[in-house]
Amino acid sequence: MEEIIVKNSGYIRLKQFTDQREGSLTVAESDRDIPFAIKRTYYIIQKNASEVSRGNHAHKETVQVIFCLSGSFILNLDDGENSQKIMMNESHVGVILGKELWHSMESISSGCIMLVYASGYFDEKDYLRNYNEFLEYITHKKND
């Protein structure tokens with residue numbers, strides 16, 4: 001697994017248990033495995049393979065962790081200085097989407113299921129949906 005070089009991110013590896021039943025049980029506990037109290041959970045299901053990009057935003061305060069439960073996708077991360085692409089295809093390995101981190105998902109496979117845990121409730125004012133506004137926001141925060 002490649003090292004994450006962008007700020008406000010990192011990997012989360014959940015405990016996964018397997019046994020003779022040919023399946024697995026994966027556990028995610030708030031404030032233990034997930035580094036915050038979970039206020040919102042949502043999932044995205046991609047019915048057909050798509051070159052459509054999802055995400056394309058950053059949050060001012062909300063922290064999230066994203067997992068790929070089924071299929072695969074490429075996670076793009078950008079902190080305004082560094083950017084990288086991460087292949088997401090292991091259901092028990094998630095990536096922290098920290099505050100002030102631009103993220104998008106692309107090359108989404110057919111049947112892909114993404115799961116996201118968020119530290120905050122939905123609040124449109126927390127979103128930075130324009131990349132140039134995102135860059136201005138983090139530049140302004142650095143100069144304060």
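The values are calculated or read from the model by the stated rules, or taken from the named source; none is laboratory data. Worth saying up front: this structure is predicted, and the values here are computed from it rather than measured. Note: ideal-geometry Cβ built from the backbone for every residue, glycine included; neighbour counts use all protein chains shown.
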From the list GLN46, GLN64, which one is under 17 Å from the mean Cα position of the chain (by Cα), closer than 28 Å to GLU133 by Cβ and at pLDDT below 95? GLN46
Working carefully through the options ASN48, ASN56, find the one that is in contact with a Ser or Thr (Cβ under 9 Å, 6 or more places away or on another chain) and within 17 Å of GLN84 (Cβ to Cβ). ASN56
Scan the range 112-141 for residues that are among the hydroxyl-bearing types (Ser, Thr, Tyr), under 29 Å from GLU29 (Cβ atoms) and not in a loop (DSSP other than H, G, I, E, B) and report the count. 2
Among the residues listed as GLU81, GLU90, the single one being surrounded by 13 or more Cβ atoms within 10 Å (Cβ to Cβ), assigned to a loop (DSSP other than H, G, I, E, B) and of a type in the set (D, E, K, R): GLU90
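Here is a yes/no grid of residues against (1) touching a residue at least 40 places away in the same chain (Cβ under 8 Å); (2) surrounded by 11 or more Cβ atoms within 10 Å (Cβ to Cβ); (3) not in a strand (DSSP E or B):
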residue: GLN20; (1), (2), (3): no, no, yes
residue: ALA37; (1), (2), (3): yes, no, yes
residue: GLY55; (1), (2), (3): yes, yes, no
residue: ILE66; (1), (2), (3): yes, yes, no
For SER70, which of the numbered conditions (1) surrounded by 17 or more Cβ atoms within 10 Å (Cβ to Cβ); (2) modelled with pLDDT of 95 or more; (3) in contact with a Cys (Cβ under 7 Å, 6 or more places away or on another chain) fails to hold? (1)
Would you mind finding the one in GLU106, GLU51, GLU124, GLU81 that is of a type outside the set (Phe, Trp, Tyr), without any contact (Cβ under 8 Å) to a residue 24 or more places away in the chain and over 16 Å from ILE38 (Cβ atoms)? GLU124
